[in-house]
Amino acid sequence: MNNDTICALATANGVGALGIIRVSGDEALAVVQKSFPAKNLAKQKSHTIHYGYFMDGEEAIDEVMLSIFLAPKSFTTENSVEIAFHGSPHIGKRILETLIKNGARMAKAGEFTLRAFINGRIDLSQAEAIADVIASENEASRKVAINQLKGGITNEISFLRTDLLNFVSLIELELDFAEEDVEFADRSALVELLNKIEIKLNSLIESFQYGNAIKNGTAVAIIGKPNAGKSTLLNALLKEERAIVSNIAGTTRDTIEEVLHIKGHAFRLIDTAGLRETMDEIEAIGVKKAKEKVENANILVYLADAATEDFSEDIEMIQSLQRDDLKLIICATKIDEVSPATYEKVEDIFRNAISQEFDFIKISAVENQNIQDLKNELSSYVEQLKASENNVVITNQRHFEALQKSLEAVQKVKEAITFQISTELLAYELRNALEYLGEISGEVTNDEVLGNIFSKFCIGK
């Protein structure tokens, strides 16, 4: 990375009350000074704010407020200036053009955060957490991202890595004295540590399912025969007329996806075409897409009309869609249209026919009966994924893969000790485990990985 002074718009594009442009680099103060005659910026203290006009030659572009952050007490650890201006896109464009004319260049995607990482201000998992904080769309994902930003993952990993590093040092020492046949590393103590690491890694890996649900939302497929009440239920959950409802079978031809927030968790509700054999080409495509959505769903909410006399078709459909990792909720719908004696029997019919564990709820979407019970059931699914003893939650696919590789490496080290494999091979497997653990925090990385991570950032971050 070079030491160019970089600049970029840090606020969202478009009209607003204020906009902010960030400038960072060794010459940040000098670059801004050329357009800010009101004060001598080189004589100002860090973390101070200054008022004046931003100039392009003799022309005043806008009245601005400058925030000064002197190295190393800035986000990038470099001299940094933030320019707050009236939120006109045209003014922002003029200021950026002037800064570039003064000697700065436009920042690349994520370059401010990349500099913070390279300069040791944050580790790689914290850098990724910044992107997650910006992208968070619900309370749960915000909390997890903030915990990671505080270094939650790194703290968990660093203790394990430090202990493992001590053993690696002792093993390496044994290699230096190989001719003398000495053993510096206590093998039983090493096995004890490896067991401890294995438990921790498994705990973190298991948290990924919960983390994924938090970050990306839980996919909920609403399935059933035509006119079972799928679109009515979607509208009731969202409390708006999102899907077209009619008594005509096959009204929903395509899938409709909407996000519902329950107790801080995001659920991606997917209203699908009614499942039936059809000669209608368009409807048939909708049925096919509905089945595809179930394959990728976390929860299947199957709706069965309570007035149905024969549920064999529904049962057959559920059995064909069953998966071990699929949460199943069966809802008897339209209970407002039949007597209690009629709908009370429905649960027994499904319990006797379906071996998979499932929750059963009797609802009326039109009358809003027991809709809250369904919401509670959806929420409890996500909460059950969370390991109560583990406050650190893995949400990043890269971290998940690195943890899996670390676990495999740790297991190979245990095997090496069990089978009394040579010290050279033991040292090799230990170094592998260390390397994979180091990938999470960025202690071990490469330019390709960094490029991939920071390319996903916005320009001003």
Residue, modelled with the lowest pLDDT, within the stretch 212-249, restricted to residues that are of a type in the set (Gly, Ala, Ser) and within 30 Å of ILE394 (Cα to Cα): ALA213
Scope the stretch 90-107; condition part of a helix (DSSP H, G or I) and farther than 19 Å from LEU41 by Cα; matching residues: HIS90, ILE91, GLY92, LYS93, ARG94, GLU97
Among (1) on the phi < 0 side of the Ramachandran plot; (2) assigned to a loop (DSSP other than H, G, I, E, B), the one test that SER67 misses: (2)
Number of the condition not met by THR154 [criteria: (1) modelled with pLDDT of 80 or more; (2) among the polar types (S, T, N, Q); (3) under 20 Å from GLU439 (Cβ atoms)]: (1)
Single match in ASP325, ASP348 (criterion: loosely packed, with under 12 Cβ neighbours inside 10 Å and more than 26 Å from ALA219 (Cβ to Cβ)): ASP348
Looking only at the stretch 137-148, and only at residues there that are of a type in the set (S, T, N, Q) and buried (at least 18 other Cβ atoms within 10 Å of the Cβ), the one that is farthest from PHE267 (Cα to Cα): GLN148
Filtered residues of the stretch 13-33 (kept if among the charged types (D, E, K, R) and surrounded by 16 or more Cβ atoms within 10 Å (Cβ to Cβ)): ARG22, GLU27
Test: residue in the stretch 74-89 that is aromatic (Phe, Trp, Tyr), assigned to a strand (DSSP E or B) and surrounded by fewer than 17 Cβ atoms within 10 Å (Cβ to Cβ): no
Residues of the stretch 159-187 classified as among the hydroxyl-bearing types (Ser, Thr, Tyr) and modelled with pLDDT of 80 or more, total: 1
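Given the structure, is VAL366 farther than 30 Å from ALA116 by Cβ, out of contact with any Phe, Trp or Tyr (no Cβ under 6 Å at 6 or more places or on another chain), touching a residue at least 60 places away in the same chain (Cβ under 8 Å) and in a helix (DSSP H, G or I)? Reasoning before the result, please.
Working: farther than 30 Å from ALA116 by Cβ: yes; out of contact with any Phe, Trp or Tyr (no Cβ under 6 Å at 6 or more places or on another chain): yes; touching a residue at least 60 places away in the same chain (Cβ under 8 Å): yes; in a helix (DSSP H, G or I): no.
No: the conditions fail for VAL366.
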Counted residues, the stretch 108-142 - those being under 20 Å from ILE394 (Cβ atoms), among the charged types (D, E, K, R) and free of Cβ contacts under 8 Å to residues at least 60 places away in the same chain: 1
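The values are calculated or read from the model by the stated rules, or taken from the named source; none is laboratory data. These numbers were taken from a predicted model, which means no experiment stands behind them. Here the Cβ is made from the backbone with ideal geometry for all residues, glycine too, and neighbour counts use every protein chain on show.
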